[in-house]
Amino acid sequence: MSVLPLVFTSGWASGINAYAVVLLFGIFGATGLSEEVPESLQRTDVLVTAGVLFLCEAVADKIPYVDSAWDTAHTVIRPVSGAVVAALLAGESGSLPELAAGAVGGSTALMSHLVKAGTRMAVNTSPEPFSNIGVSVAEDLGVAGVVTFAVFNPVAAAVVAGSLLLLGLVVLLFLASRIRRFLRRRAQRREEGRMARPGGQGPHG
């Protein structure tokens, strides 16, 4: 069977939490639950690094505004990670050219990352922090569940991932006004911070 469904699913999950994807695949490979995982993802140093970064993301992802700053910093990291993991999976199976797999994984990761980042901007317009925690926990559980499902049933997992990606894009359209509100608020905070620094000019400066 082609590794394409697994590549697509790993790309979708990487756009949400790239470190969780590397950690989960590495554990599944190291424990023998999956033969599709390349040796490079099963290395101890890779697993430890992915675990530490996953814990950092688990904390940052639940703090209002910090989560959006974290998402901004990972706009390149998540798609690149999705492309690398996809290429490694394709190279292990030999059923899909690595370049094509990287393109699928990277582009899918970019789309799901944009959905996540946009959704978080909308959530950050809420004055309370509990919605951030709830959304973050749902994302972590979703990634864990879909990646685990993909190991045992890659085609069905790819259908689930595709449906979630499409649903996320639709929700993002409905949240457009809240996202614009978040961006205006962030720009205002930056301006206030600039004005508060020594040498900052006042409104008539």
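The values are calculated or read from the model by the stated rules, or taken from the named source; none is laboratory data. Quantities reported herein were computed from a predicted structural model and do not represent experimental measurements. Reconstructed Cβ throughout: ideal geometry from the backbone, glycine too, with neighbour counts over all protein chains shown. We work out accessible area using only protein heavy atoms, side chains counted, and drop any ligands, DNA or RNA first. Shrake-Rupley method; radii C 1.70, N 1.55, O 1.52, S 1.80 Å.
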Problem set entry | Directionally averaged shadow of the chain, computed from the convex hull of its alpha-carbon atoms, nm² | 13.2
Problem set entry | Ellipticity estimate at 222 nm from DSSP helix runs (n ≥ 4, -39,500 (n - 2.57)) divided over the chain, nearest 500 | -27000 deg cm²/dmol
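Given a Förster distance of 25 Å, report the FRET efficiency between GLU128 and VAL159 from their Cβ-Cβ distance, rounded to the nearest 0.05.
Using R0 = 25 Å, I get an efficiency of 0.10.
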Exercise. Using a Förster distance of 30 Å, how high is the FRET efficiency between ILE63 and ARG184, based on the Cβ-Cβ distance and rounded to 0.05?
Worked result: 0.90
Exercise. So, in Å, what gap is there between the alpha-carbon centers of segment 5-42 and segment 47-70?
Worked result: 18
Problem set entry | Heavy-atom SASA rank of GLU139, GLU39, GLU128, GLU92 (probe 1.4 Å, accessible area, largest first) | GLU39, GLU92, GLU128, GLU139
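With a 1.4 Å probe and every protein chain left in place, work out the accessible area per residue of the chain in Å², rounded to a whole number.
50
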Problem set entry | Share of carbon and sulfur in the accessible heavy-atom surface of segment 50-111 [1.4 Å probe, %] | 82
Exercise. How much accessible area does SER40 have with a 1.4 Å probe, in Å² rounded to the nearest 10?
Worked result: 40
Seminar exercise, completed: From most to least accessible, 1.4 Å probe, no ligand or DNA/RNA atoms counted, ARG178, ARG189 line up as ARG189, ARG178
For this session: Taking all protein chains together and a probe of 1.4 Å, list THR44, THR49, THR119 from the most accessible to the least accessible.
Result: THR44, THR49, THR119
